[in-house]
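Every number here is computed from the coordinates shown, using simple stated rules; none is lab data. Worth saying up front: this structure is predicted, and the values here are computed from it rather than measured. Here the Cβ positions follow ideal geometry from the backbone for every residue, glycine too, while neighbour counts run over all protein chains shown.
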Amino acid sequence: APEKVKPQNLFPEDSYDLLGKHVLIVEDNPMNQMVMKMMMKKWLNTSLSFANNGTESLEALKNNPVDLILMDLQMPVMDGYEATEAIRNGHAGNSNILIPIIVLTADIMESTRDRIMKLGADDYMTKPVDQKLLYQKITALLS
């Protein structure tokens, strides 16, 4: 079988720089929002917006161009499973059906991972989030 070519990463490796990309962080816990904001506001050319639950994330996607979503799973109103499914089914507009979604969760059970991948998430990470790994995953998906 031909060797699978690893896609070229188009982002700098020696700095945290998303080259003008916009990341939507869907997270209901204010403390976790703050942690993510403190970490990612140091990244160059990176804009962030926040949604407190899945319903807000669908609205945010309809109203602003977003390049990638970091999605918490456990949230009130509409959780990350429902939101991911809704986005993939076009409920945030057709332009967002294929938007990269990385699930952030404290739950690393195999069944959880299988379920989110089936619903259409592109990748997942456990909390607390490792900055370097987060950057690698985001830039791989955006390349």
Worksheet, complete the sentence: The set of residues whose placed amide H lies less than 5 Å from the amide H of THR46, leaving out same-chain residues fewer than 5 positions away, is LEU18, GLY20
Worksheet, complete the sentence: Listed by chain and number, the residues whose amide H is under 5 Å from that of TYR124, excluding neighbours fewer than 5 places away on the same chain and using placed H, are VAL103
Item to complete: Please say if the chain is rounded, prolate or oblate, where rounded means a/c under 1.5 for a ≥ b ≥ c the square roots of the C-alpha gyration tensor eigenvalues, and otherwise the choice is prolate for a/b larger than b/c and oblate otherwise?
Response: rounded
Item to complete: Give the range of the longest stretch in the chain that excludes all trypsin sites (Lys or Arg not before Pro) found in loop regions by DSSP and having at most 16 other beta-carbon atoms within 10 Å.
Response: 43-143
Worksheet, complete the sentence: Sorted by chain and number, the residues with a modelled amide H under 5 Å from that of LEU68, at a separation of 5 or more or across chains, are HIS22, LEU24
Discussion item. If I build a Gaussian network model for the chain, linking alpha-carbon pairs within less than 10 angstrom, which residue out of GLY20, GLY120, GLY93 has the largest mean-square fluctuation?
Written reply: GLY20
Worksheet item: What dipole magnitude, in Debye to the nearest 20, does segment 22-143 give about its Cα centre under +1 on Lys/Arg Cβ and -1 on Asp/Glu Cβ?
Response: 400
Discussion item. For a quick check, take a GNM of the chain with Cα springs below 10 Å and name the residue from GLU110, GLU27, GLU56 with the largest mean-square fluctuation.
Written reply: GLU110
Response to the item:
Stretched fully, the stretch from ASN64 through ARG115 gains (0.36 nm per residue minus C-alpha distance, one decimal, in nm) 15.6 nm
Worksheet item: Taking a 20 Å limit on the Cα-Cα distance, which of the listed pairs LYS21/LYS42; LYS21/LYS118; LYS21/LYS41; LYS21/LYS62 fall beyond it?
Response: LYS21/LYS118
